[in-house]
Amino acid sequence: MSEFEDLKNAISCLNKSVSEFPIGAISIEDFKPIEEKIRTTRESLRRLNAKLLTLKSQYDFYATNEEPERKIKDTVTDLHEATANSLINNAVIKLCLHSYTIQAILEGKDSDNDTLKKIYACMSKLFTLNDNILLLQNEIEDALKAQLQLKIHCRNALFEYKSFLKEQEEIRNKKLEEINPELVKNKEKTNKTITSINIMKKLIVNFIAASNHMLFKEPFLVKMLEAHRELISIETVSKMSQNNSENEEDKS
């Protein structure tokens, strides 16, 4: 009896296969399901439509002699925006279809038990991944807040240290002015001279940088750029004076 039932089931499967067999099939394409054929045809029509629009726009561009009604820049901008909106809408439609399919499977409208189990497993993994992402996002936000607080603390510390150095400088200047006023005047004069020199160095560097096309024609500009790229200070002047003194002693 079981063999007879197996034979009947085999005949039913054969009948179904024969009924669904495409009449006049001559290639592999003819054996594709109707849904896949519709999808392939839709993609082909979309590409052909895009190519047709491109060829039509090229023909209109070369065939027309009329002045454009709008600026080309505005037209290109509108084209980019329309293209971006089309891509976004296409992605949204695909996501909506996917969501509808998943919802239908979860509701048991169009699925079997195996597919339903796979969907439940995928959704469980998706929810777990989403929770991990939210947790990581919260950790990133907390780290950014801590970083901001550290930056504020560091800025305040630098400001306090700068104020402290300024106060110490003023105290030293007052003491030095009481002890040796002439030295204070010379120091102020030196600072003004150094400030003027640094301003000139900045101007030279900026002018050369603005004329970068001349660097290839005039190699000496590169040497000037290297010579004036670093600013000087009192410490630099003191070091230069010390080096000059040592060189003179060596010569003597």
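Numbers for the structure displayed
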read-out: Test result for Leu87, part of a helix (DSSP H, G or I) and modelled with pLDDT of 70 or more; value: yes
read-out: So Ala84, is it surrounded by 10 or more Cβ atoms within 10 Å (Cβ to Cβ) and touching an Asp or Glu at 6+ places or on another chain (Cβ under 6 Å); value: no
read-out: All positions within segment 188-217 that are among the basic types (Lys, Arg) and at pLDDT 80 or above; value: Lys189, Lys192, Lys201, Lys202
read-out: Criterion: surrounded by 11 or more Cβ atoms within 10 Å (Cβ to Cβ) and either of a type in the set (A, V, I, L, M) or out of contact with any Phe, Trp or Tyr (no Cβ under 6 Å at 6 or more places or on another chain) (or both) - qualifying residue of Asn130, Asn90, Asn138; value: Asn90
read-out: Qualifying residue in segment 218-225 (condition: at pLDDT 75 or above, in the same structural domain as Ile199 (by TED's automatic domain parsing), closer than 30 Å to Lys187 by Cβ and surrounded by 11 or more Cβ atoms within 10 Å (Cβ to Cβ)); value: yes
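The values are calculated or read from the model by the stated rules, or taken from the named source; none is laboratory data. Just so you know, these numbers come straight off a predicted model, no measurement behind them. We place every Cβ from the backbone using ideal geometry, glycine too, and count neighbours over all the protein chains shown.
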